[in-house]
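The values are calculated or read from the model by the stated rules, or taken from the named source; none is laboratory data. Remember, predicted model here, so these are calculated numbers, not experimental data. So basically every Cβ, Gly included, is an ideal-geometry build from the backbone, and we count neighbours across all protein chains shown.
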Amino acid sequence: MIDFELDPEFQAKVDWARRFVRDQVEPLDHLFPDPTAPYDRSLKVARTLLAPLQAEVKRQGLWACHLDKDLGGPDYGQVKFLHINEILGRTNWGPVVFGCQGPDSGNSEILARFGTEEQKERWLKPLLAGDMYSCSR
Amino acid sequence: MTEPHGGADPTLFTCRATQDGGDWVVDGEKWYSSHANFADFIIVMAVTDPDAPPYERASMFILPATAEGIGFVRETGVFTEPLGSKGGHPYVRYSQVRVPASAMLGPRGGGFMVAQSRLGGGRIVELCRVRATFQRHRRNGKSAENFSAHSSVEHADEHSHLYSARFAGHRGARQLAGMADRLHSGSVAQNRGEALGIAMLVASIIGTASLSNSTILYTTRIPAAMSQDGYLPAWLGKIHPRFATPARAISVSLVLYCLLANSLSRTSSTFISGVVSPLPCSHFLLFGACAENFPARHASSAFPGGTPGLACAILFSGYPVRSKSLLQRAFRMALGPLVAGVWPGGIRNSSLGIWLETRLFAHIS
């Protein structure tokens, strides 16, 4: 039997994320509706709007919530992360605003697990900070 | 993880990385490279040791997006992405892209291990997000016109699909969390890869079964309808007097798909096998629904082998995915559905089919 109940502290985070995505992120979807727009850094206006939203997510401690603590994430694990994903999936922009967009999220995990110190310094750090995007094939 | 000739089966990859002095030179093509045209770097899985066992042939490399020799053949868009220059899943060609030895990510020959350590989690994330996207589109009434054409039954059906998708996501996440715990407690990464492999196979079987459900009707009823409308010879559209199904159209489709499935690439044949297996079932399934109107025929509405036989026929549609050689695949494709679906006593004979196959092909693979 799956228990969908959350602890009150995390429930508060989920409620905040739901409101934030509805009020602040969904408008971006209407302004820049292409599914690839969140990754297109030539859209200057969109990038200007994006930065403060990402800063707000970092303040709330929900940035990159796929990551363990030692990489700067909140260490929620798969199950809690899933509750956040159910909210982010409502928008194209959500994952980028919350710093857990694919394929960067997976790439950061394999860089963290298998990368050398030099590779982590050059690629992982800027990827986690949201300054870089990646692809894996 | 997709190449033009071999699809998404990484054991068939031909994208090569060869050593030249202290450098690696990557040469090959990849399809559906998510966000390659927006990326600062690309992690490429390339064959470094072609003579090694299949799962130790490839290694991962980190290529800066600015490296010389990376070109986009097409900037493909998938789903609702734009089709022009800003689709998010390009067809990428790597022409003699040179990187230093330090660009290798993980151990040499460890490409599969690195990829598997992550793919399962990504799939669950996708499932949860896509489900939420669909739900939002429904609520917003973005496609109000389409939905207004829906009956309330179809609405209820969609709703139950959304709920079951949510359960699938939660269940997968919990399993993965458990697996991660075991991984951290000291077992090796390969175990996790294997367990994820099984989880993904089960997911693909469930997926194929639901695909089968939606392919049973159209693949056979379209030729029947076309012949009744006079576009194809009339004999093709004849309705079977006992089963009340277009038996000839079904049989002809079955033969055609078997021929197609055995002559095409692995990706296409796997897809087509999903279509082939339900065809024999199609003879019987619909009849069950009209049994009330034809009480005298009730006895023949039973599926051969009963419920286990039916389950077996559906499961067989996922069966060829794991086949090894072309010959073995052809055998499963041609016999699988027949064994499970047409011969009386489905289960017993399908085990016979498997036994026969292992005897026949043991020395080949």
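On inspection, A:Ile110 does not qualify as part of a helix (DSSP H, G or I), at pLDDT 85 or above, at the interface with chain B (Cβ under 8 Å from one of its Cβ atoms) and within 13 Å of the chain's Cα centre (by Cα). Is it fair to say A:Asp75 is facing chain B (nearest Cβ under 10 Å) and surrounded by fewer than 17 Cβ atoms within 10 Å (Cβ to Cβ)? No.
In the condition set (1) in a helix (DSSP H, G or I); (2) crowded, with 22+ Cβ neighbours inside 10 Å; (3) within 7 Å of chain B (Cβ to nearest Cβ), A:Pro38 is compliant with all but (3). Number of residues in the stretch B:61-100 that are modelled with pLDDT of 90 or more, over 14 Å from B:Gly28 (Cβ atoms) and within 11 Å of chain A (Cβ to nearest Cβ): the value is 4.
Among the conditions (1) charged (D, E, K, R); (2) part of a loop (DSSP other than H, G, I, E, B); (3) touching a residue at least 40 places away in the same chain (Cβ under 8 Å), the only one that A:Asp75 does not satisfy is (3). Among the residues making up the stretch A:42-64, a single one is within 11 Å of another protein chain (Cβ to nearest Cβ) and surrounded by 12 or more Cβ atoms within 10 Å (Cβ to Cβ): A:Leu43.
Within the stretch A:78-91, if we keep just the residues that are in a loop (DSSP other than H, G, I, E, B) and in contact (Cβ under 8 Å) with a residue 24 or more places away in the chain, the residue that is nearest to the other protein chains (Cβ to nearest Cβ) turns out to be A:Arg90.
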